[in-house]
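This report concerns only the one structure given below.
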Amino acid sequence: MDRRIQKTRKAIFNAFDALIAKRDYSKISVQDIIDEANIGRSTFYEHFETKDYLLRAKCTDLFEHIFIPDGTEKTHGFSVNSSFREKITHILFHFLDDKKVIKGILSSESGQIFLQYFRVYLSEAIQKEDIHLNGIPDEFLINHISGSFIEMVTWWVNRNFKETPSELAHCFFKVLPFTNLLTE
């Protein structure tokens, strides 16, 4: 990606993050983002059709960073060939790093959009683990694991991130005994 495009996208993301940490998603306009990023209206629309598309792109960037690594991983000490358990822990570290933004996103209607995208990426990641339990449909299992994880994240955010990402991942894998299939 061209450096100017990257720089503009980063400015837009940073503006969005600053705004969502302070107010509800519904109270943020595209004009607010434009003003905060110090860019022109046409520049914003060259990158995103709406603020929902911006939120989607933010989610995509984060989730692809974790679940579709490109070999450039440099954060939190995780390798690009991490186990599923490490990927889960890694994403929790990112949520903790951006806790004001995550809390802002999840505390308004944007939370449903965010969690919808998150569920898709998480489900795809679980599906790639190729797990099966006798007598349990794969779709049910994938839905159960991803739903449990999403509820755990919501619970963690509502508790103001009291547990560390490692503690939370440990609890998640301990509570779902069949997830030992995901850690091998």
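Annotations
- Angle between the chain longest axis and helix 51-67 axis [Cα atoms, degrees, rounded to 10]: 40
- Apportionment of accessible area to carbon and sulfur, the chain, percent (1.4 Å): 49
- Averaged per residue, the chain has 56 square angstrom of accessible surface, using a 1.4 angstrom probe with ligands and nucleic acids left out.
- Largest first and in whole Å, the equivalent-ellipsoid semi-axes of the chain read 31, 18, 15, each the square root of five times a Cα gyration tensor eigenvalue.
- Distance from the range 90-123 to the range 1-71 (C-alpha centre basis), Å: 15
The values are calculated or read from the model by the stated rules, or taken from the named source; none is laboratory data. Note that this is a predicted model, so its numbers are computed, not measured. When the accessible area is computed, the model is the full protein with side chains, heavy atoms only, and any ligands, DNA or RNA have been set aside. Shrake-Rupley method; radii C 1.70, N 1.55, O 1.52, S 1.80 Å.
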